[in-house]
Amino acid sequence: MSPPMPAEVTVAGDSHSGERRLMKSLLTLFAVPLVALGLVLPAQAQALPDLGGRTIKAVTENAYYPLNFADKAGAGIGLEYDVINEAAKRLNAKVEWNLSAWDVMIEAVRTGQFDIGADGITINDEREAQIDFTKPFITVEQYFLVRADEARIIGKDSFATDQSLLFGAQAGTSAFYTAIYDVLDGDEANPRVKLFDSFGASVQALKSGDVDAVIADQSAAAGYIGADPGAFKQVGEPIKSEPLGFILTPGSDLVAPFNAALDAMKADGTLDALIKKWFFEYGQQNS
């Protein structure tokens, strides 16, 4: 998780072809299976559940640009806000937004303090064993983010074999587990991973030279590169791809309605438009 980013993001190269390549590599939307009475019908033809004006308690961190962050006035905005708000609107529900630190968010949703959580949360087996997820609303790829003058790191092997190189990470996040299990030796106590309270703090440590790399999805990397020109760069091939979903209290009656709303938003182009808005247009318009 990262601190609220400045309202700026640029894509390296800033060309139309670059944007197309970035969109293609960054965003993978999923097919929508819609079957009713043996017939495949358009999502728009499917009646969505009506939640009768119910208030849904949602929680996020406002610390993961461009998924959830605070604007210059302090208001929470981002892709996850828009997706959940739009889904709730289609389901005839209201959303009450709350803030929580990442390290307690999953437990707070699991115990029912909140109904749904959003914080760039990767869907994996360990989390699915303790909490319910919606279907993925986006898939992102993770990369090395390094200082702009870094020449030693070109990919996983170059990092893993150079014992002097250090990662910065926030414990319990997908970036932490990717560093441990996909780059290093699987030892969660590996001293080559320095822990920080937030993703943003790890990026600051990278900038100051206290660590040599962090793992970031392409949206976060683009945000930091654009906000601090000349400080950072993204290197290497994608380390892994990760589907992101919203978390819900185990057994929640909101899982099926939200999945139906996400299916409809994918089918009618709304989700794709929101992704384009937050991953590309917002940064260009606010730079």
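The values are calculated or read from the model by the stated rules, or taken from the named source; none is laboratory data. Everything numeric here is computed off the predicted structure, so don't read it as measured data. Backbone-built Cβ (ideal geometry, glycine too); neighbour counts: all protein chains shown. Only protein heavy atoms, including side chains, enter the accessible area calculation; ligands, DNA and RNA are left aside. Shrake-Rupley method; radii C 1.70, N 1.55, O 1.52, S 1.80 Å.
Observations
Residue-wise test of (1) over 29 Å from Y181 (Cβ atoms); (2) open to solvent by 50 Å² or more (accessible area, probe 1.4 Å); (3) free of Cβ contacts under 8 Å to residues at least 24 places away in the same chain.
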{"site": "F232", "(1), (2), (3)": "no, no, no"}
{"site": "S241", "(1), (2), (3)": "no, yes, no"}
{"site": "D272", "(1), (2), (3)": "yes, yes, no"}
{"site": "K276", "(1), (2), (3)": "yes, yes, no"}
{"site": "Q284", "(1), (2), (3)": "yes, yes, no"}
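- The set of residues from region 145-192 being open to solvent by less than 40 Å² (accessible area, probe 1.4 Å) and hydroxyl-bearing (S, T, Y) comprises S158, T173, S174, T178.
- Helices (runs of 4 or more DSSP H) fully within region 218-287 that include at least 1 residues being within 24 Å of K72 (Cβ to Cβ): 218-227, 270-276, 282-285.
- Count - residues of region 123-144 that are farther than 16 Å from L254 by Cα and crowded, with 17+ Cβ neighbours inside 10 Å: 9
- Near pairs, Cβ below 7 angstrom, 6+ apart or cross-chain, from region 179-199 (under 16 Å from F159 (Cα atoms)) to any residue that is at pLDDT below 95 and open to solvent by 30 Å² or more (accessible area, probe 1.4 Å): D182/K240
- Taken over region 130-186, residues that are among the basic types (K, R), farther than 30 Å from D115 by Cα and outside any helix (DSSP H, G or I) amount to 2.
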